[in-house]
Amino acid sequence: MMNSAHTPHSSASHQSHMPGWMVFLFACACGLMVANLYYSQPLIGLIAPEIGLSDSAASLIVTLTQIGYCAGLILLVPLGDLVENRKLVIFTICGAILALFIAMLAQNATWFLMGSLLVGIGTVAVQMLIPIAAHISPEEKRGRTVGNIMSGLLLGIMLSRPISSLIAHSFGWRPVFGISACLLVLLAVILWLLLPIRKPNSHHHYFSLIASLWPLLRDTPILRRRAIYQACLFASFTLFWTISPVLLASPMYSLTQLGIALFALAGAAGALAAPIGGWLADHGHTKIATAGSLLTVAAAFLLSQLGGMGSLPALVIAGILLDLGVQCNVVLGQRAIYSLGADIRSRLNALYMAIFFAGGAIGSGIASLAYVTGGWSLVAWIGFAFPIGAFIYYLTE
């Protein structure tokens, strides 16, 4: 299969299916790469004093990574519709490797923050891989394939925080970035050897490609709708996972860093929903599955009110339900927009991801203020309001 792919028009598009080993490879690659967005979040308290960053500025470590990721989504991911995809993915991963080594070796805030920004930019390689998978997969199996790959990505998100906490607890924070860089070196070699070559047919140059993003967003109602659904759910997701560790460490629960890590591991079970969402989309059940996803997230936050009263089982179940709804809906959205055309798939994915990550930034941005102002109860009601707002919009379909 790989030998026949070395033509301007990749043979990948003519395969009858995406082999299971390749789905597994894509899932592992996505998980390893996306985790870099989240490793630093539980380590801010360790990193900031060592690099000379004040408490008030410590959140820049996370903020700059997210800014870099959003910038990469808009400025780099659309290149998947213009240049050969395998080289694009490898070069972007190499940028992430360099950024991780900068972060690991940084002795002051300037170098570390620059590394954080570049880590975010390099991590967008994950959003270059997923359209390749959609291109390889036949229409009738595309949702399931993307769903399986998204399981790896979502596990990477959920496991990154507990893994970085455990490594930092034993060895300090710098090895977290060094280990990730070494894993990405290995991943880049594997992808270079095994990824099919795909050269898009495009008459754009770079600036016209970027300029085409606004007309795509303006003229593609299904993209706007799916992005708004997911932005609301991802706002709830980041709201919950930003503040739940604070609640768990409070006197109500008094969990250690290990206990909080185990809580996050339990929530990772929600990643199992991604293949289910893909299967439902492939069988024509996108509309009802979307309603189910939105209402599941709303129900999770109602249940989480009990967590604010001291019920740890309720909080664990709420976390799992939240992840189930969010993960299922993201795959439903990707399946819908990937059906709009192979020649614009990377740009559609860039817009979809940029919008819903903006929703995530809003959720994490208001999390601390909501918790300080009204405790967990206010956090849960805000988390409930996001999916309910999306559901009201859904009723206009």
Problem set entry | Selection status of residue 129, touching a Cys at 6+ places or on another chain (Cβ under 9 Å) and open to solvent by less than 50 Å² (accessible area, probe 1.4 Å) | yes
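Yes/no matrix, rows are residues, columns are (1) in contact with a helix residue (DSSP H, G or I) (Cβ under 8 Å, 6 or more places away or on another chain); (2) free of Cβ contacts under 8 Å to residues at least 60 places away in the same chain; (3) more than 19 Å from residue 126 (Cβ to Cβ); (4) buried (at least 19 other Cβ atoms within 10 Å of the Cβ):
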position: 302; (1), (2), (3), (4): yes, no, yes, no
position: 311; (1), (2), (3), (4): no, yes, yes, no
position: 336; (1), (2), (3), (4): yes, no, yes, yes
position: 359; (1), (2), (3), (4): yes, no, no, yes
position: 380; (1), (2), (3), (4): yes, no, yes, yes
position: 384; (1), (2), (3), (4): yes, no, yes, yes
Exercise. Given 190, 136, 149, 197, which one is surrounded by fewer than 20 Cβ atoms within 10 Å (Cβ to Cβ), under 16 Å from residue 21 (Cα atoms), in contact (Cβ under 8 Å) with a residue 24 or more places away in the chain and among the β-branched types (Val, Ile, Thr)?
Worked result: 190
Problem set entry | Residue list for region 356-390, filter: of a type in the set (A, V, I, L, M) and modelled with pLDDT of 90 or more | 378, 379, 380, 382, 385, 388, 390
Problem set entry | Given (1) open to solvent by 20 Å² or more (accessible area, probe 1.4 Å); (2) modelled with pLDDT of 85 or more, number of the condition residue 44 does not satisfy | (2)
Problem set entry | Within region 273-288, tally of residues that are open to solvent by 80 Å² or more (accessible area, probe 1.4 Å) and farther than 12 Å from residue 333 by Cα | 4
For this session: Name the one entry in 306, 315, 340, 322 that is more than 30 Å from residue 82 (Cβ to Cβ) and open to solvent by 30 Å² or more (accessible area, probe 1.4 Å).
Result: 306
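Condition check ((1) touching a Pro at 6+ places or on another chain (Cβ under 6 Å); (2) open to solvent by less than 30 Å² (accessible area, probe 1.4 Å); (3) not in a helix (DSSP H, G or I)) across all residues:
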{"residue": "65", "(1), (2), (3)": "no, yes, no"}
{"residue": "80", "(1), (2), (3)": "yes, yes, no"}
{"residue": "92", "(1), (2), (3)": "no, yes, no"}
{"residue": "98", "(1), (2), (3)": "no, no, no"}
{"residue": "101", "(1), (2), (3)": "no, no, no"}
{"residue": "107", "(1), (2), (3)": "no, no, yes"}
{"residue": "116", "(1), (2), (3)": "no, yes, no"}
{"residue": "119", "(1), (2), (3)": "no, yes, no"}
For this session: Determine whether residue 165 is out of contact with any helix residue (DSSP H, G or I) (no Cβ under 9 Å at 6 or more places or on another chain) and not hydrophobic (A, V, I, L, M, F, W, C).
Result: no
Exercise. How many residues are surrounded by fewer than 17 Cβ atoms within 10 Å (Cβ to Cβ) and not β-branched (Val, Ile, Thr) when one looks only at region 254-265?
Worked result: 6
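The values are calculated or read from the model by the stated rules, or taken from the named source; none is laboratory data. From a predicted model like this one, the values you see are computed outputs, not experimental measurements. Here Cβ is always computed from backbone atoms with ideal geometry, including for glycine, and neighbour counts include all displayed protein chains. Keep in mind that these areas ignore ligands, DNA and RNA; they rest on the heavy atoms of the full protein, side chains included. Shrake-Rupley method; radii C 1.70, N 1.55, O 1.52, S 1.80 Å.
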